[in-house]
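Okay, so here's the structure we're looking at.
The values are calculated or read from the model by the stated rules, or taken from the named source; none is laboratory data. What you are looking at is a predicted structure, and each value in this text was computed from that prediction instead of being measured. Heads up, the Cβs are rebuilt from the backbone with ideal geometry, glycines too, and the neighbour counts pull from every protein chain shown. Areas reflect the complete protein model, heavy atoms only, side chains present, ligands, DNA and RNA absent. Shrake-Rupley method; radii C 1.70, N 1.55, O 1.52, S 1.80 Å.
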Amino acid sequence: MAQKSNIQSADTICIDDEEGRPERPSDRSRRVAEARASFRDILLPYPRQDELVAALDELRLTGLLTKGKPQGGVRLIAETGSGKTIGAERFKTYVEAAEEHDPRSKPIVIATIDGSGTTRSIPASILKAMEVPRPEQGTEPVLWMRAIDALRRSETQILIIDEFNRAARRPTMSSAIATALRDLMDQGVAPLAFLATEEARDVFRRSPDLAGRLDAPVTMNPLDWLIEEDRDLFMDFLAGLDEEMVERGILRVSSGLAEPELARLLCEASNGNIRQISHIVETAMAAVVRRDDDAISRDDLSVAVDEWSIPNQCIGYNPFEAA
């Protein structure tokens with residue numbers, strides 16, 4: 001869109017549209033905010049998340065067939081931003097949509113450990129995830145009794161512990177946390193799935209009794225441009241983002257994000273990490289919407305790396321400038 005610079009009063013920005021009408025800051029901010037919100041609603045199929053969903057469903061169904069007996073578990077250790085939590089939420093949505101359970105039950109519970117890393121933080125996190133009133137009230141034994149009772153009453157089919165790496169923050173407590181969760185499995189309450197980053201390996205290493213009860217780990221490694229399968233996955237993901245932004249009316253035309261050379265630079269800039277690529281594209285998209293342009297350019301992506309990736313220490317250089 002043709003634009004011209006123009007100095008306006010304090011309640012307008014310094015850009016006129018092609019018809020000479022000034023735009024107020026609040027209008028522009030609302031437009032950008034709506035675009036960001038719509039972008040963050042985009043959920044694209046991602047095969048590595050599908051592997052997690054399949055593993056969780058196998059664990060859930062096995063638990064149903066062995067109800068009341070000691071339960072198993074599975075772990076996924078992957079870097080932040082790999083899609084672990086979104087994969088778990090997709091699984092929860094899938095199970096709830098099937099409507100094969102009592103509508104009053106909570107078949108899938110995703111409990112996120114808080115940053116304290118204490119033993120009482122586990123049952124408190126479970127109670128909070130289940131929306132039980134006063135989730136932190138009571139001594140640790142009381143909290144565990146309340147959590148186990150809530151899981152049983154809600155007929156929970158699988159308990160997913162997210163951010164389990166936080167249990168490693170206090171090495172003196174991690175073994176006690178692992179023991180408590182192992183006991184939960186042995187009581188037949190529900191199968192357990194652990195989502196964590198690398199720090200959690202220490203917890204499992206110090207707790208062989210817990211690790212020995214788990215199925216083969218699920219993997220979700222960063223995408224490697226040099227591996228053909230990963231390259232295809234990455235380009236498909238970018239093509240999906242591009243298409244969704246146009247279909248949702250966020251941008252007017254395709255930005256060509258999946259063009260090989262542009263995709264290669266984006267893969268390098270994002271370290272093959274799904275969350276990082278989403279942030280880079282969102283940052284570039286916001287700049288385009290802010291100036292009321294049609295599509296994301298290579299320069300927009302380069303600036304996004306400078307403004308988001310490098311300040312957040314995701315990468316120490318800009319591949320777009322080095323190319």
Pairs with Cβ under 7 Å, 6+ apart, first in region 144-166 and closer than 14 Å to residue 92 by Cα, second hydroxyl-bearing (Ser, Thr, Tyr): 162/85; 162/112
Residues of region 287-311 that turn out to be part of a helix (DSSP H, G or I), among the aliphatic types (A, V, I, L, M) and surrounded by fewer than 18 Cβ atoms within 10 Å (Cβ to Cβ), as a count: 1
Any hit, region 132-142, residues being in contact with an Asp or Glu (Cβ under 9 Å, 6 or more places away or on another chain) and modelled with pLDDT of 90 or more: no
Residues (free of Cβ contacts under 8 Å to residues at least 24 places away in the same chain and either open to solvent by 50 Å² or more (accessible area, probe 1.4 Å) or among the polar types (S, T, N, Q) (or both)) located in region 217-247: 226, 227, 228, 229, 232, 236, 243, 246, 247
Tally, over region 101-118, of residues that are in a strand (DSSP E or B) and of a type in the set (Ser, Thr, Tyr): 1
Residue 120 in the same structural domain as residue 169 (by the TED database), in contact with an Asp or Glu (Cβ under 9 Å, 6 or more places away or on another chain), buried (at least 19 other Cβ atoms within 10 Å of the Cβ) and over 17 Å from residue 192 (Cα atoms): yes
Any chance residue 175 is in a helix (DSSP H, G or I), polar (S, T, N, Q) and touching a residue at least 24 places away in the same chain (Cβ under 8 Å): yes
Test result for residue 270, over 19 Å from residue 223 (Cα atoms), surrounded by 15 or more Cβ atoms within 10 Å (Cβ to Cβ) and either of a type outside the set (S, T, N, Q) or at pLDDT 95 or above (or both): no
So residue 281, is it part of a loop (DSSP other than H, G, I, E, B), under 22 Å from residue 28 (Cβ atoms) and either among the polar types (S, T, N, Q) or touching a helix residue (DSSP H, G or I) at 6+ places or on another chain (Cβ under 7 Å) (or both): no
Filter pass, residue 166 being under 19 Å from residue 184 (Cβ atoms) and touching a Gly at 6+ places or on another chain (Cβ under 6 Å): yes
Checking residue 125 against (1) open to solvent by 20 Å² or more (accessible area, probe 1.4 Å); (2) of a type in the set (Ser, Thr, Tyr); (3) under 23 Å from residue 204 (Cα atoms), the condition it does not meet: (1)
Of all residues making up region 34-65, the number that are at pLDDT 95 or above and of a type in the set (S, T, N, Q): 2
Residues (touching a strand residue (DSSP E or B) at 6+ places or on another chain (Cβ under 8 Å) and outside any helix (DSSP H, G or I)) located in region 140-168: 154, 156, 157, 158, 159, 160, 161, 162, 163
Residue within region 169-184 that is under 22 Å from the mean Cα position of the chain (by Cα), assigned by the TED database to the domain that holds residue 204 and either crowded, with 16+ Cβ neighbours inside 10 Å or not hydrophobic (A, V, I, L, M, F, W, C) (or both) present: yes
Residues located in region 36-49, provided they are touching a residue at least 12 places away in the same chain (Cβ under 8 Å), part of a helix (DSSP H, G or I) and open to solvent by 50 Å² or more (accessible area, probe 1.4 Å): 36, 40, 47
Residue check for residue 80: open to solvent by 80 Å² or more (accessible area, probe 1.4 Å) and of a type in the set (Ser, Thr, Tyr): yes
